[in-house]
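S.K.: Could you have a look at this structure, given as structure tokens, before my questions?
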Amino acid sequence: MESVSSTIHHHIAAALRPAANPFPKIRARQQLAVDPGHPNPDPQKMNRATRLAESLTSLLHLHTETHAQKTVQPSNWNLHFDEEDRHNTPAMSPKENISDKWREIRGCCDWHNLLDPLHPWLRREIVKYGEFAQATYDAFDFDSFSEFCGSCRYSRNRLFEKLGLTKHGYTVSNYIYAMSHVDVPQWLERSRLGKTWSKDSNWMGFVAVSDEEESRRLGRRDIVVAWRGTVAPSEWYEDMQRKLEPIGHGEAKVEHGFLSLYTTKSDATRYNKSSASEQVMEEVKKLVEMYRGRGEEVSLTITGHSLGGALALLNAYEAAASIPGLPISVVSFGAPRVGNIAFRDEIYQMGVKTLRVVLKQDVVPRMPGIVFNESLQMFDDFTGTLEWVYTHVGAELKLDAQSSPYLKRKIDLLGFHMLETYLHLVDGFVSSTSTFRSNARRDFALVNKSCDMLVDELRIPHCWYQIENKGLVRNAHGRWVKPKRDPEDIPSPTMEEAHTFVKEVRESHEGRLEPLLSV
């Protein structure tokens, strides 16, 4: 599986631009009622060359434009007017009270009649959980010159404040760390420094819980677990494993690399004396026991993107097996297949509700098992149930990059897989037969945080998201240096580290009274 790090700023494939700007006219249409999806219109006839191209690109879920699509003119859509109008509107849809319908929204009926057309209440919840997953990228310290490379840049008390996520009404209760028993070449090591906060562990996500106000709106106390996707070299290696190994006590099997990251631990480490599995389950059980003890209805929602989506499914499987009667939902984005058919069946029997958000052009959800997957079940009468075949789990919300007039018409495998691309398309999705909704609220500029997917007319720089001045600050003498982290943001700082920081800050402030050194 390809790395999904928000730090990689190059394209996997060359850009293919059409001759004309393909902006369809946006119709102001938003369906608020829940009713069955409409049948797809009959496809247009295509010549033999186009049909061949479609067949080849469909293997990678890529879309080849027909001549008719390429000649669409943008004359009926004013980009500048839309841009100015959107700048003066909130970037978030209004919050609705869903307390009476929370079981349906979290998938008690497998989201039947809620996905196509997409119910606006469900759309907002999907975006919320997606933003929690995005936070695991935005707060990750990927600076190879940082002694804290591989950690979260903020303490759990400040994470949502720093990322602008306090609007969702959740509080982070704990962080999750994971490790891998993989020796990587020195040139692949994430940090270039000898002294680092940890040579073994990576920050993989967090556990959060809804506050009083949000719990009233939702109709229950919602515990959220958000898992990060691939960033560290050792994680890339684990992603590339293709071996299935047993999980549980039945015939269920899951991909070796995913399970390794979820369960690996070592007494020789500081942050993974317990595995990611043990860390998250200890926290979730504690929260469930506490809020159930108060007589509250409690649910668990697990989210993640790419590798994070795979870990979310493993987390849900374990939680369902160890906490009876707990409503558990998984909302994943661009996630790969995780296990075999028996694993899928056990997940269903446990009552876990899984919603997979996938993009037609994204290749990652097709792996592992590009050839040997759930489609082979049609041959069960001849082969019997195949234990080594990978299969997806749960309901699917399928998006199409071609539906958004804000996105370039080109092949960009990295851009297609970015979580911000997914969230943009979810926010604009109405149904498979409708255009991108004109009153979508989420800021389209977020799409280009780590890629180059937005049309040039929007004038949004590509890969614009980074720490100011790439983390350097000017000290009292006018020199550009790497600042020391606030003790609150250091992963489990020792008393010695805290005292050293206070001393250095004190000296820094005293130095400001001295004249600046001449250059």
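Per-residue answers, yes or no, for (1) farther than 16 Å from Val331 by Cβ; (2) outside any strand (DSSP E or B); (3) modelled with pLDDT of 95 or more:
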| position | (1), (2), (3) |
| --- | --- |
| Leu386 | yes, yes, no |
| Glu396 | no, no, yes |
| Thr435 | yes, yes, no |
| Leu446 | yes, yes, yes |
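S.K.: Within the range 354-361, identify whether any single residue is under 25 Å from the mean Cα position of the chain (by Cα), crowded, with 17+ Cβ neighbours inside 10 Å and at pLDDT below 95, and answer yes or no.
M.R.: no
Residue-by-condition table, conditions (1) free of Cβ contacts under 8 Å to residues at least 24 places away in the same chain; (2) within 13 Å of Asp362 (Cβ to Cβ); (3) open to solvent by less than 10 Å² (accessible area, probe 1.4 Å):
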site: Val393; (1), (2), (3): no, no, yes
site: Lys398; (1), (2), (3): no, yes, no
site: Arg409; (1), (2), (3): no, no, no
site: Met418; (1), (2), (3): no, yes, no
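S.K.: Also, quick follow-up: Does the range 97-116 contain any residue that is part of a helix (DSSP H, G or I), among the acidic types (Asp, Glu) and within 17 Å of the chain's Cα centre (by Cα)? It would help to see each step written out before you state the result.
M.R.: Here is the first cut: in the range 97-116, the ones part of a helix (DSSP H, G or I) are 102-105.
Retained after the next criterion (residues that are among the acidic types (Asp, Glu)): 104.
Narrowing the set further to residues that are within 17 Å of the chain's Cα centre (by Cα) leaves none.
Among the residues of the range 97-116, not one is part of a helix (DSSP H, G or I), among the acidic types (Asp, Glu) and within 17 Å of the chain's Cα centre (by Cα), which makes the answer no.
S.K.: Something else: Regarding Lys265, is this residue exposed (fewer than 15 other Cβ atoms within 10 Å of the Cβ) and either part of a strand (DSSP E or B) or modelled with pLDDT of 90 or more (or both)? Before the answer, list the steps.
M.R.: Values: exposed (fewer than 15 other Cβ atoms within 10 Å of the Cβ): no; either part of a strand (DSSP E or B) or modelled with pLDDT of 90 or more (or both): yes.
No.
S.K.: Can Ala312 be described as modelled with pLDDT of 95 or more and out of contact with any Leu (no Cβ under 9 Å at 6 or more places or on another chain)?
M.R.: In short, yes.
The values are calculated or read from the model by the stated rules, or taken from the named source; none is laboratory data. Because the structure is a prediction, the values reported are computed rather than measured. So basically every Cβ, Gly included, is an ideal-geometry build from the backbone, and we count neighbours across all protein chains shown. What goes into the accessible areas is simple: the full protein's heavy atoms, side chains included, and nothing from ligands, DNA or RNA. Shrake-Rupley method; radii C 1.70, N 1.55, O 1.52, S 1.80 Å.
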